[in-house]
Amino acid sequence: MGRVFSGVQPTGNIHLGNYLGALKQFVELQDDNECIYCIVDLHAITVEQDPEELKEHILDVAALYIAIGIDPKKSIVFVQSTVPGHTELSWLLTCSSYTGELSRMTQFKDKGKGKESAPTGLFMYPVLMAADILLYDTDIVPVGIDQKQHIELTRDLCNRVNNKYGETFVLPEGRYLKEGAKIMALDDPTKKMSKSAENELSRISLLDDEAKIKKAIMRATTDSDGTIKFDQENKPGISNLMNIYTAFSDLSIEDIEKKYEGKGYGDFKKDLVEILVNGLAPIKQKFEEIRYSDELIEILKDGANRANAIAEKVVERTKKNMGVGLPR
Ligand code: TYM
């Protein structure tokens, strides 16, 4: 039994990469751990957002959390900005961070690329993420492999504060899946699937309809070799599709290779479309049921209260150890 924390940005539709890298783990972990799942709206505003759209996206992600099987009775589900400890701890950690280490974050380098001046929020992004995690005495952080550098920074900040001010934080560990850790773009398997890529066919969102799923899979980039073999390096396109296939079926990668021996990509892709359409149908149905309900708002309010009760104590402990505030 451990404490689990993770978050997803409410920016656009959640895609298969988010689901297979992170969200699927959220569900698996909730039976044996105390899980806290956050919708990180304060991270979303590190890039420009339309306020009206953002409001909707926050509830979309919340509804998707429930739709994929997160049980709000077992796990805490809440919106980051509704618990003040996130911003408070973020400042306390900022004072133990260095511009050098933050400049080395690849996400910052990618997003601020070529610009003389980048938004400060983008620069501070990883410190806020460290605050999210350390705020709950988190043991395990289920994420995709693209977050590894941020997790390592969180661990560095944790150790630094503990060494400087005495035992304050619990040292968290990232949890990455073998097969879903990095789902690649369908149109270009050398890039990761992302919410922001221009080509809609590069990703499949959890709420996409059958026609879109079919189009994206049937047009997915493979290779000219024509055999269904898992080889990430030389056959990244088909290997990526096999990763998706195995995650939505009972078949292992080896089973899939056997099943499609002597068959072509067309057969494989047709089956994959069916598997995905069937696999996503219950998620879509549950999403529709909960998205516009009062229940969803109640879940988020209750989640904020429960999260806040934990967070307050950790902020208080940190302030005390750092010597800020009134004498206790
Ligand atoms: P975000 O919203 O970009 O992505 C949510 C989760 O999806 C994973 N992911 C992927 N996994 C596999 N293949 C892909 N192509 C792919 N694309 C995205 C991400 O690794 C992530 O786990 N910084 C985080 C949000 C965050 C957070 C936190 C996470 C803020 N605070 C504290 C954990 C703990 C992010 O940008 O997620």
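Might you let me know whether the range 68-90 holds any residue that is of a type in the set (Phe, Trp, Tyr), touching a residue at least 24 places away in the same chain (Cβ under 8 Å) and touching a Phe, Trp or Tyr at 6+ places or on another chain (Cβ under 6 Å)?
If we filter the range 68-90 for residues that are of a type in the set (Phe, Trp, Tyr), which is where we start, we get 78.
Of the ones still in play, those that are also touching a residue at least 24 places away in the same chain (Cβ under 8 Å) are 78.
Then keep just the ones that are touching a Phe, Trp or Tyr at 6+ places or on another chain (Cβ under 6 Å); that gives none.
No, the range 68-90 contains no residue that is of a type in the set (Phe, Trp, Tyr), touching a residue at least 24 places away in the same chain (Cβ under 8 Å) and touching a Phe, Trp or Tyr at 6+ places or on another chain (Cβ under 6 Å).
Looking only at helices (runs of 4 or more DSSP H) that lie completely in the range 203-287, which have at least 1 residues being open to solvent by 50 Å² or more (accessible area, probe 1.4 Å) and within 21 Å of residue 12 (Cβ to Cβ)?
By residue number, 210-218.
How many residues are more than 7 Å from the ligand (Cβ to nearest atom) and hydrophobic (A, V, I, L, M, F, W, C) if we restrict to the range 1-22?
Looking only at that region, the number is 4.
Hey, could you check the range 193-202 for residues that are within 12 Å of the ligand (Cβ to nearest atom) and open to solvent by 20 Å² or more (accessible area, probe 1.4 Å) and say which is farthest from residue 239 (Cα to Cα)?
Among residues in the range 193-202 that are within 12 Å of the ligand (Cβ to nearest atom) and open to solvent by 20 Å² or more (accessible area, probe 1.4 Å), the one farthest from residue 239 (Cα to Cα) is 196.
Of (1) within 17 Å of the chain's Cα centre (by Cα); (2) farther than 30 Å from residue 279 by Cα; (3) among the hydrophobic types (A, V, I, L, M, F, W, C), residue 89 satisfies all except one. Which?
(1)
In the range 84-142, what residues are of a type in the set (Phe, Trp, Tyr) and open to solvent by less than 30 Å² (accessible area, probe 1.4 Å)?
Across the range 84-142, the qualifying residues are 125, 136.
I want to confirm something. Restricting to the range 1-41 and keeping residues that are of a type in the set (A, V, I, L, M) and open to solvent by 30 Å² or more (accessible area, probe 1.4 Å), which single residue is modelled with the lowest pLDDT? It would help to see each step written out before you state the result.
Of the residues in the range 1-41, the ones of a type in the set (A, V, I, L, M) are 1, 4, 8, 14, 16, 20, 22-23, 27, 29, 36, 39-40.
From the residues that got through so far, the ones that are open to solvent by 30 Å² or more (accessible area, probe 1.4 Å) too are 1, 27.
Numbers: 1: 87, 27: 97.
Looking at the filtered set, the residue picked out is 1.
Mind checking whether some residue in the range 269-286 is closer than 30 Å to residue 86 by Cβ and not small (Gly, Ala, Ser)? It would help to see each step written out before you state the result.
Taking the range 269-286 and keeping what is closer than 30 Å to residue 86 by Cβ, we get 283, 286.
Of the ones still in play, those that are also not small (Gly, Ala, Ser) are 283, 286.
Yes: one or more hits.
Of the conditions (1) in contact (Cβ under 8 Å) with a residue 24 or more places away in the chain; (2) farther than 27 Å from residue 23 by Cα; (3) surrounded by fewer than 20 Cβ atoms within 10 Å (Cβ to Cβ), residue 156 clears all except one; give me its number.
Looking at each condition in turn, residue 156 falls short on (2).
Which count do you get for residues in the range 288-307 that are closer than 30 Å to residue 95 by Cβ and buried (at least 16 other Cβ atoms within 10 Å of the Cβ)? Write out each step before concluding.
As a first pass, look at the range 288-307 and keep what is closer than 30 Å to residue 95 by Cβ: 303-307.
Checking which are buried (at least 16 other Cβ atoms within 10 Å of the Cβ) leaves us with 303-304, 306-307.
Count: 4.
The values are calculated or read from the model by the stated rules, or taken from the named source; none is laboratory data. Just so it is clear, the model here is predicted, and its values are computed rather than measured. A quick note on method: Cβ atoms are made from the backbone with ideal geometry, for glycine too, and the neighbour counts reach across all protein chains shown. Heads up: the accessible areas ignore ligands, DNA and RNA and are worked out on the full protein's heavy atoms, side chains in. Shrake-Rupley method; radii C 1.70, N 1.55, O 1.52, S 1.80 Å.
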